[in-house]
Amino acid sequence: MANQSFMKSVLKKTTIGIIIGVILVVAAQQTHFPQVFQVMFFIYAMLGAFVFILLDAPAMKRLEGIKAVVALLVFYVLLSGLYIAGASILPQFDPGVEAGKIEKVLKMRKAKSQQGKAEELIARTKELDERAKAISKLLRSLGAGAQVEAVATSTSGGAAASGDIVALGKEQWELQECYNCHKLFGSGGKKRGPVMDNIGNLMTPEQLREKLLYPKKWKAEGFDKQYKKGKMPDKYRDLMFDEEIDALVAFLASLKDTSVTTPKPIKMY
Amino acid sequence: MKTLHRSVWIIFGLMVCGAAVAYAQVPDAPAVDFPYTGNRTAVWVVANLHILFAAFILGAPIFAVVAEWLGHKNNDPKYDRLAKEVIKVTVILYSMTALTGGLFLFVLLGTYPDFSTWLIKHFFLVFAVIYPLLFILETVILYTYFYSWDSMKGSLKGRHIALGILLNIVGTVTLFVIDGPTSFMNTPAKAAEGVSLFEFIQTATLWDKMSNFSWMPLNLHRLVGNVTFGGFIAGLIAAYMFMGSKTDEERSYYDWMGFVGNMIGVGALLLLPFMGYLLACELCDYDASICPYMMADQLSMFFEMQGAMIGLIFLASNYYIWLSLKRIEGVENIRMSGFVALAVLVMPAVMGVAWKMFPPPEWQSLIYLAALVFAPMLLGRVPGLKNFTVSAFTMIKIGFLMIVVADAIWMTPHGFVPTQGLATHDLELPEWATELALMPAKNAAAFTLVFLTIVNYIMYNRAIKRGTIIWGKIDFASQFVLIFLAFSAIWTMGLMGTVRSLTRKYYHVYNLVPDFTPEAFTPTLAYSAWWITGVTIVFYAVVSFAILVTLRPGGSKAVVPKGSPVPVEAK
């Protein structure tokens, strides 16, 4: 009898949960929530139904001995599965993307560290060894003109290294994750920092460098609260190398899109 | 004789030179590469396991000494037995803390020798002198406290409680001391403007390094977390013992113990969201770029999972109250002002708006909060309005509805994307609803959860005072709720510990010592969940074993009188 009444309660609450869920989904559709949020609202409605079913569930019979042990083990397996599944259903990022970024950020630091120096030396020795072998092979088989050509070939290829400073600066923008606070080209930023599209017309490269290294020296108009809280980190003078700062400043100085309203910088001291 | 002496010295000298040359020719040991897991995960797993044991041995004595004091004050032997049983398990797990601590040290030194040495040198006094001395002192006091339990009774009980308090003081100081290097890794001391951080750290005093931005917030967060943990583990002990009990007396006692464990666990849990918020604020104040990393970038879905876990824990703890309430005779006569129910219904919306207008630390939002909390009490006393009441069951059901609503608000992200860079309109909240994902809404949801739980406890307290409770006759499902609470609390601790460590990004010490290894990236949430679950299961298995070995369900002697329908007030 108690079981029948509980089953009725389950049916009733599940039905109510589904009805509320559908109402929420329709309301979410009408108010332009994306589909993923509509599904989420439906799940919340069903969670509510499940909670209210549990509230009226009949008392559980006492378990003893092996039955209790098995029930416990099953319970643990279910909980573990639930938590792993829950965490796995949520969107996952690709660690490879971050690993690539880190590799670029740390490349210069690693090269300047003792460990990096040792690794660099080994790599350099190997490279020179390979070259020496290639040259001697060429010398044995070719004439002097060909020898010069071979040496010239092996020492060329620096175009990529010299690079375009603005492109390198754009890379620094990505690597230092400036986009997390500043909007640029219509993306990134959550009002923590000013839009940057026209900053090149408002600040000179020297002023940009000063702002980057000593953030408190400049304030963006309308960002009093953020300035007061010191939202712009003052860590870049410690973390970035001169070459990186030069590149980032060059990139920022190149941003001259007058169609985008960019807050006016104010010199503070 | 002189010749003999000279010969011996020459031979000795040659041996030393030979040994030195031989040693100098010994090549460096090969780099350690942990099989299957990799070095970083290996350190993570061992550290997580160690911290769980450490949290228990620090949290359980706080729980135990409070119980012992209550027993002494009220002359109630149940509390004394509870305290002693918890300490029994603590003594067993104390050795596991030391063992996993040693293991952690070996793994760390083997896998990251350069960084480990760097850190030890910066905190040499802490690692080589202060911490070991405190640990030894704590060991001595813990064993004295435990083994003097039976001999220090009667007039000596006060001194025994004082010993317990001393144990907790030393334990808390130990926690604060070791939190120094831990928090330093997150927020190393800040240099004055114009001074490089690298230069400053080389000359900084030990105190400069210890008293960094996140040190005190981490201390408070861990201290409250440990009490929560101690309470829920006491609930776990009670659940196991209840399930294994052979007599009504035993069931009566362990039912009561589960109630006390849950109450202390939930009581401390109410403070945890605010402690976590304080820690997060300090991290963001230290470096604002940590905030988007946590809330919008790689760690955003970790916080989504945290929201789900906290929501489940609040649901479960309130469900336990519900199950406890159902067995109280006369509960149907308990009523509460209907204005409380109304306040609960409007709380998320009103407080969301209030915190939007006056974000912390602006005080004006407190006016709204005070109005919501105290107005129902005042209105409930006004003649003509005081008859507007709801039953205990209706109130709790309204509470559950609002817990689901608050959970939903807490869990609504700005976008279902793992990093902000991947956000598109199809995955983000519409512009008009972005407030749902911001801190005012989250704070309102957190406060609603806390307020509801307090209201439920007030009502529960009224019910057990006015009604008749039969210990031992609780719904058997409640024991699974206690186990669920302990498991979920441990899992959440693992998750949040992972988050705290990951906020260092690709640094061993944030912005100071980069991690050059290929494993320096943020692991995915799914990967992390597997390891957190694994660590939780191992910890659970060890704790379960310790409980079974020390307390032996069904084998202990009955101490308390047989459970009978007695008004709680009379006990």
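Cross-link pairs exceeding 20 Å between alpha carbons, from the set A:K216/A:K264; A:K191/A:K264; B:K73/B:K473; A:K211/A:K264; A:K170/A:K256: B:K73/B:K473.
When you count, for each residue, the other Cβ atoms within 10 Å and take the mean per peptide, how do B:124-132, A:46-54 rank with the highest first? Intermediate values should be presented prior to the final figure.
On the way: B:124-132: 13.9, A:46-54: 18.4.
Ranked from most to least packed, the peptides come out as A:46-54, B:124-132.
Give the Debye-formula value of log10 I(q)/I(0) at each listed q (0.05, 0.08, 0.09, 0.11 Å⁻¹), with one equal scatterer per alpha carbon of chain B, two decimals each. Debye curve over Cα of chain B, log10 I(q)/I(0) at q = 0.05, 0.08, 0.09, 0.11 Å⁻¹: -0.26, -0.63, -0.78, -1.12. Centre-to-centre, using Cα atoms only, the range A:182-257 and the range B:216-282 are separated by 47 Å.
Ranked by how many other Cβ atoms sit within 10 Å of their own Cβ, fewest first, the residues B:K190, A:K267 fall in the order A:K267, B:K190. Taking Cα atoms only, the orientation of helix B:113-122 departs from the longest principal axis of chain B by about 80 degrees. Dividing the summed helix terms, -39500 (n - 2.57) for each DSSP H run of n ≥ 4, by the number of residues in chain B produces a 222 nm estimate of -24500 deg cm²/dmol to the nearest 500.
Looking only at other chains, what is the average number of their beta-carbon atoms within 10 angstrom of each beta-carbon in B:529-541? Walk me through the numbers before you get to the answer.
On the way: counts 8, 5, 0, 4, 8, 2, 0, 4, 4, 0, 0, 3, 1.
Mean partner shielding for this stretch: 3.
Highest mean first, what order results for B:443-451, A:35-43 on Cβ atoms within 10 Å?
On the way: B:443-451: 24.6, A:35-43: 17.3.
Going from most to least packed, we get B:443-451, A:35-43.
In chain B, Cα pairs under 8 Å separated by at least six residues give a relative contact order of 19 percent. Where the only charges are on Cβ atoms (+1 Lys, Arg; -1 Asp, Glu), what is the dipole of the protein assembly as shown about its Cα centre, to the nearest 20 debye? Computed charge dipole of the protein assembly as shown: roughly 2060 debye. Using θ = phi - 60° in the Karplus curve 6.51 cos²θ - 1.76 cosθ + 1.60, the 3J(HN,Hα) couplings for the range A:217-233 round to 6, 9, 10, 8, 4, x, 10, 4, 4, 5, 5, 4, 7, x, 5, 6, x Hz; x is entered for Gly and Pro.
Evaluate peptide B:516-522: per residue, the Cβ atoms of other protein chains within 10 Å of its Cβ; return the mean as an integer. Mind showing how you got there, number by number?
Working: counts 10, 0, 3, 2, 6, 11, 5.
Mean shielding count: 5.
If the chain linking B:N75 and B:W363 were pulled fully straight, counting 0.36 nm for each residue of separation and taking away their Cα-Cα distance, it would gain 99.3 nm. Computed over the protein assembly as shown, the alpha-carbon pair-distance distribution with 20 angstrom bins reads 13, 40, 32, 12, 3, 0, each value a whole percent. In terms of packing, defined here as the mean over residues of other Cβ atoms within 10 angstrom, the peptides A:251-258, B:401-408, A:90-97 line up highest first as B:401-408, A:251-258, A:90-97.
Using the Kirkwood radius over Cα pairs, work out the Stokes-Einstein diffusion coefficient for the range B:53-146 at 20 °C and 1.002 mPa s, in µm²/s as a whole number.
Details: Rh = 15.2 Å.
Answer, rounded: 141 µm²/s.
For the segment B:285-293, counting C-beta atoms of other chains within 10 Å of every residue's C-beta and taking the mean gives 5. Applied to the range A:60-65, the Karplus parametrisation 6.51 cos²θ - 1.76 cosθ + 1.60 on θ = phi - 60° returns per-residue 3J(HN,Hα) values of 7, 6, 5, 10, 9, x Hz, with x for Gly and Pro.
All of the numbers you see were taken from the coordinates with simple rules; none came from a lab. Here the structure is a predicted model, which means the values were calculated and not measured. With ideal geometry, Cβ positions are generated from the backbone for all residues, glycine too; neighbour counts draw on all protein chains shown.
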